[in-house]
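Contents: one structure, followed by commentary.
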Amino acid sequence: MKLIKMTMVVLTIIIIFEFLIVANSQDQLKVGFYNQVCPNAESVVTNIVRDAAKSDHRIPPGLLRLHFHDCFVEGCDGSILIDKGNTSEKGAFEHQGLTGFDIIEDAKAKLESICPGVVSCADIVAMAARDAVAFSHGPVYHVETGRKDGLVSNIDLANRMPDVRDSIQLLKQKFIEKGLNEKDLVILSAAHTIGSTACFFMEERLYNFASLGGPDPSINPRLLPELTSTCPKNGDIGVRLPMDHGSEDTFDIQILQNIRSGFAVLQSDAKLMDDLTTRGIVDSYFDVWAPFFGPSFEADFVISMLRMGRIGVKTGSNGNIRRQCKSFN
């Protein structure tokens, strides 16, 4: 059964790739954008991400999250990378805990040495996220490139980032505003299959859910003692715990099974079961016929990542190619 499912995943992803290459041949973004102007661009990013991931298992989830946060504010334009004090997007409350900036800068410095002024920081972020998934045993896919770097980075523009405390209705609305749908919400939430979160984000869910002074009733009773032990009331809010219970470092569908079973760690993940549509999408991956005729989590993740990667793309005079990712030219 596993062999059949793996074969279906490979075939599905091949079909997706062939469709995207044809469908986007006339668009600004395309697979292989740098093939002629900087042939080693993608391998440079891959090698840097690989070396970093070998020494620190926190690198892949950090890079994946960085791409998401970049795209959801002003589009996928590298604006999250700008470091200009308290006024830049990077400093927003919604972006606290983001990591991977140094990896992007390392890749940019290497690319500037071999192809100066060619590869955008926005594309490096997208490529690094792709590699982060691959190095976490997730699907291997081609990323579309051709973005330019944005010219704006404003802390006030980050106020519509999805938040762990959002209702499912608000989460859906925030995704719709970016041209994404309910399936994208489920699948991109499932990116929590790798990485950890801080107890800071668990306090309300564990000790004052809905301002009632107790835990979220949707938490499985078998999980609750573990969460409260790791994140005790009035304890260290900086302590971290896996977002995917039991499968922190491996990209897999376990995150969705956890969500179905009340083992979701983040409140926003648990909320996926509060809505008929999003709950149906989660359940569809576990139907009895899913291994044969159902949707492929891996293939759907690739589609949603590509869709997210097109949000607010800058082209022409709307952007440029930065010399350093952390500062405007």
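The values are calculated or read from the model by the stated rules, or taken from the named source; none is laboratory data. All figures in this text were calculated on a predicted structure; none of them were measured in a lab. As a convention, Cβ positions derive from the backbone with ideal geometry for all residues, glycine included, and neighbour counts pool all protein chains shown. Quick note on the areas: whole protein, heavy atoms, side chains included, nothing else; ligands and nucleic acids left out. Shrake-Rupley method; radii C 1.70, N 1.55, O 1.52, S 1.80 Å.
Diffusion coefficient of the chain by Stokes-Einstein, Kirkwood radius over Cα pairs, 4 °C, 1.567 mPa s: 63 µm²/s. Placing a label point 7 Å from the Cα of Lys84 along the Cα-to-Cβ direction, the residues of the stretch 135-169 whose backbone N falls under 19 Å from that point are 148-159. Please report how far the C-alpha centroid of the stretch 37-84 lies from that of the stretch 152-168, rounded to the nearest whole angstrom. Centre-to-centre (Cα) distance: 20 Å. Kindly express, to the nearest 10 degrees and within the range 0 to 90, the angle between helix 297-308's C-alpha long axis and the longest C-alpha principal axis of the chain. The angle comes out at about 60 degrees. Each label point was placed 7 Å from the Cα along the Cα-to-Cβ direction; for Arg222 and Ser113 their separation is 5.1 nm.
Per-residue 3J(HN,Hα) values for the stretch 219-236, derived from phi via the Karplus relation 6.51 cos²θ - 1.76 cosθ + 1.60 with θ = phi - 60°, read 6, 4, x, 6, 8, 3, x, 5, 5, 6, 6, 6, 10, x, 4, 6, x, 6 Hz in sequence order (x marks Gly and Pro).
Taking the Cα centre of the chain as reference, the dipole from Cβ charges on Lys and Arg (+1) and Asp and Glu (-1) amounts to some 300 debye.
If the chain linking Asp166 and Thr99 were pulled fully straight, counting 0.36 nm for each residue of separation and taking away their Cα-Cα distance, it would gain 21.8 nm. Which of the aspartates and glutamates could a cross-linker span from Lys54 if the Cα-Cα distance has to be under 15 Å and same-chain partners fewer than 8 positions apart are dropped? Lys54 reaches Asp131, Asp249. Of the solvent-accessible surface of the chain, computed with a 1.4 Å probe and all protein chains present, 55% belongs to carbon and sulfur. Any aspartates and glutamates with Cα under 20 Å of the Lys172 Cα? List them, leaving off those in the same chain fewer than 8 positions away. Output for Lys172: Asp70, Glu74, Glu94, Asp163, Glu182, Asp184, Asp269, Asp274, Asp275, Asp283, Asp300. Stretched out straight at 0.36 nm per residue, the stretch from Leu276 to Gln28 would grow longer than its current Cα-Cα span by 85.6 nm.
Using the 1.4 Å probe convention, the accessible area of the stretch 263-329 works out to 43 Å² per residue with neighbouring protein chains retained.
Counted by Cβ distance under 14 Å from Asn35, the other residues give a net charge of -2, where Lys and Arg count +1 and Asp and Glu count -1. A straight line joining the Cα centroids of the stretch 176-246 and the stretch 260-329 runs 18 Å. A crude spin-label estimate for the pair Asp287 and Glu177, with each label 7 Å from Cα along the Cβ direction, gives 3.3 nm. When the helices of the chain are scored as -39500 (n - 2.57) per DSSP H run of n ≥ 4 and the total is divided over every residue, the value at 222 nm lands at -13000 deg cm²/dmol. Relative to the dominant Cα principal axis of the chain, helix 101-114 is inclined by about 20°.
Less than 5 angstrom separates the built amide H of Val31 from those of Thr145, all sequence-distant by 5 or more or on a different chain.
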